Amino acid sequence: MPPFAAQQSLFRAYDIRGANQYFTSSFIQALGDAFAILYNAQNSQPTQDINANATVETKQNVVVVGYDMRIGSEAIASTLSTVLAQHGLRVIQLGLVTTPMMAFWAAQYQGHGIVVTASHSAKDILGIKWLVNNKSPSSSEIQTLYHQLTAHHGHHTYPGGQANSSVLHLGSFNRNHDSELPIDLLEKLPTNQVGNVYIDAIAQVFEQLFQHNHSATAANQKSAYKLDLVIVIDCMHGATGSIAQRLFERFCQQVIFLNDTPNGNFPLGNPDPTEPNRLNELQRAVISNAADIGLAFDGDGDRLMIVDNNGKIVTPDHLLYLLARIAITEHPNSLSDSLLASEVLFDIKCAHHLPRLLSELGTTPVISKTGSSFMRQQVQHPDNQIVFAGELSGHFIFNDSRFIPYDDAMYAALRLLHWLGQTHNDTNDKKPLADIIQSLPTIVSTADHYLPMPQTATTDCSLVEQLTRFCHYLQYLVDMSTHTDSSSNQQLKDTCLPATTCKSSVCTCATAKAQIALKQTYELLPVGTKLSCIDGVRLDFAHGFGVLRQSNTSNSLTARFAGDSIDDLKDIQATFAALCRPFNAALAEQILAIPAE
């Protein structure tokens, strides 16, 4: 068996993550070796400091390293730091930080950073996220790291030392070997400095926004400006609790905190604000304190969910629209023609109203595969026109050159609060958030629901692939029937046509056997239905949408449906059930049973 075969499942679509039992000392040390090879392969180049607009020169590659509040995260970060330093890398140790704070600090040097975190996962899960040149790794790059780890395990010699392949207890590596390292390779930044530099950078953004929205003569008032809002924040015992109080009290007059002590045991449940009933405490606190808004952050601070002043959860579709509106109206080039070509990116699970609402803002809506790392890659592409990106799970990225283009939940929340406070001041009429949300189209939807992966008769063809071909075939029938003469059209109506078959000669998937009459085709895919297959199957109807896709992080399907009313929602679920029934009857029944939120 190859080395670390048991750890292969940890290397997922977005990061390294899994049960804590797999994060053994030998695995962490070998992973540190693999990271060192990765970072030493990068050319040492000066980078632009986003705060001081000054170039930071480095003699060797620099990697910033932080960790979250999970039991075991600090020890893993300590071991990784020491292994990296033994390979000649300069390591800046950040301590307990959010993932976006790691990204911020990486941008101050060369864009290389590691944070030991399992984000919103359960307490017995550990994980690692990283950046190379400010970019998240692709799925293939994550797999390459695993293969490099196994191929080179036990064969590395540290500068000035022998190959090290011993099994160690996490954390012991630093205590035994610190004295062998050059004194300038491991640098631990003071906790106050880590937080203050980050907060000051955000303060500069709000100074710019103040001047953007006011005359230059009023700019001298900016330092004293605080938002006249009552805010409740639930940190869910996650990493945001280490800095949220300092950050939000800098900009807000009255802030009430819940669960702001980082605690890897998560006594109230997983640090995931998208889980059902997870925001109940926040909702009650907003009502009891007559607050203007409630904010919730996930375990590593890259997801945001909000509650309005009535204690009602705001659907991420509506939150995404509001944040996109803020990004466009407050963009530095908002008065120039260049913004007319701007784009807003949203993932395939977002509701059907969103593209129209975004188009009404004067921007181009662009649909994306699900996954914040996919979105970051598109945002960071040099030819992009994206001013904002967001997804249903609560990841939001401002790309307006004011701050790092990263999904920072606390920063996104502050941009929302600033806009909300500004709206109150400009109109002299404190319009509550609930009224703003009520003015948007009604969305009746299911949650992003996980379904067990159905077994198929062959490994060549997954159910999602079968459904994709089937929908393409139905769309072909509709298109062909609307562009034929009456006699040909009648012939089609009278004929039962087989669906297209799989290209594989050995595949026996149900698609090849499915038959459907044209009348059924119109019922399933009415004229005007839009089909997208960039990530599973998404269908947009006149009064709703549905999506069924394979999860990137587990062996399951995810489904979400939405309509303008409960009846529309049920109709769309029935349509997807009918589409899936030829392939798996049990899945069809599971789709029908998904409840509305």
Hits in region 408-434 - residues which are touching a strand residue (DSSP E or B) at 6+ places or on another chain (Cβ under 6 Å) and either closer than 13 Å to Asp228 by Cβ or modelled with pLDDT under 80 (or both): Leu417, Gly421
Selection from region 540-556 of residues that are farther than 17 Å from Ala578 by Cβ and within 20 Å of the chain's Cα centre (by Cα): Arg549, Gln550, Ser551, Asn552, Thr553, Ser554, Asn555, Ser556
Search result, residues across region 113-138 that are within 13 Å of Arg17 (Cα to Cα) and either in contact with an Asp or Glu (Cβ under 6 Å, 6 or more places away or on another chain) or hydroxyl-bearing (Ser, Thr, Tyr) (or both): Thr117, Ser119, His120, Ser121, Gly127, Lys129
Listing of strands (runs of 3 or more DSSP E) fully contained in region 224-328 that carry 1 or more residues being over 21 Å from Ile443 (Cβ atoms) and charged (D, E, K, R): 227-234
Odd one out for Asn384, checked against (1) touching a strand residue (DSSP E or B) at 6+ places or on another chain (Cβ under 6 Å); (2) not in a strand (DSSP E or B): (1)
Subset of region 263-315 that is surrounded by fewer than 19 Cβ atoms within 10 Å (Cβ to Cβ) and of a type in the set (Asp, Glu) - its residue that is farthest from Ala409 (Cα to Cα): Glu281
Helices (runs of 4 or more DSSP H) contained entirely in region 58-153, each with at least 1 residues that are among the β-branched types (Val, Ile, Thr) and surrounded by 22 or more Cβ atoms within 10 Å (Cβ to Cβ): 73-86, 99-107
Any hit, region 10-20, residues being of a type in the set (A, V, I, L, M), more than 25 Å from Phe374 (Cβ to Cβ) and modelled with pLDDT under 90: no
Complete set of residues in region 370-381 that are buried (at least 17 other Cβ atoms within 10 Å of the Cβ) and outside any helix (DSSP H, G or I): Thr370, Gly371, Gln380
Extreme residue, modelled with the lowest pLDDT, among residues of region 548-571 that are more than 22 Å from Phe470 (Cα to Cα) and β-branched (Val, Ile, Thr): Thr553
When residues of region 518-544 are limited to those that are assigned to a loop (DSSP other than H, G, I, E, B) and of a type in the set (Val, Ile, Thr), the one surrounded by the fewest Cβ atoms within 10 Å (Cβ to Cβ): Val527
Region 29-49 residues that are among the acidic types (Asp, Glu), paired with ones that are surrounded by 12 or more Cβ atoms within 10 Å (Cβ to Cβ) and at pLDDT below 90 (beta carbon under 6 Å, 6 or more apart): Asp33/His156; Asp49/Val56
Members of region 250-275 that are farther than 23 Å from His395 by Cα and among the acidic types (Asp, Glu): none
Scan of region 239-262 for residues that are surrounded by 19 or more Cβ atoms within 10 Å (Cβ to Cβ) and more than 20 Å from Asp292 (Cα to Cα), ordered by number: Ala239, Thr240, Gly241, Ser242, Ile243, Pro262
Every pair of residues 6+ apart whose Cβ atoms lie under 6 Å, when the first sits in region 73-96 and is under 19 Å from Gly127 (Cβ atoms) while the second is basic (Lys, Arg) and not in a loop (DSSP other than H, G, I, E, B): Gln93/Lys188
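The values are calculated or read from the model by the stated rules, or taken from the named source; none is laboratory data. Please read these numbers as outputs of a predicted model, since none were measured by experiment. Because the Cβ atoms are built from the backbone with ideal geometry, glycine has one as well, and the counts that use them run over all protein chains shown.
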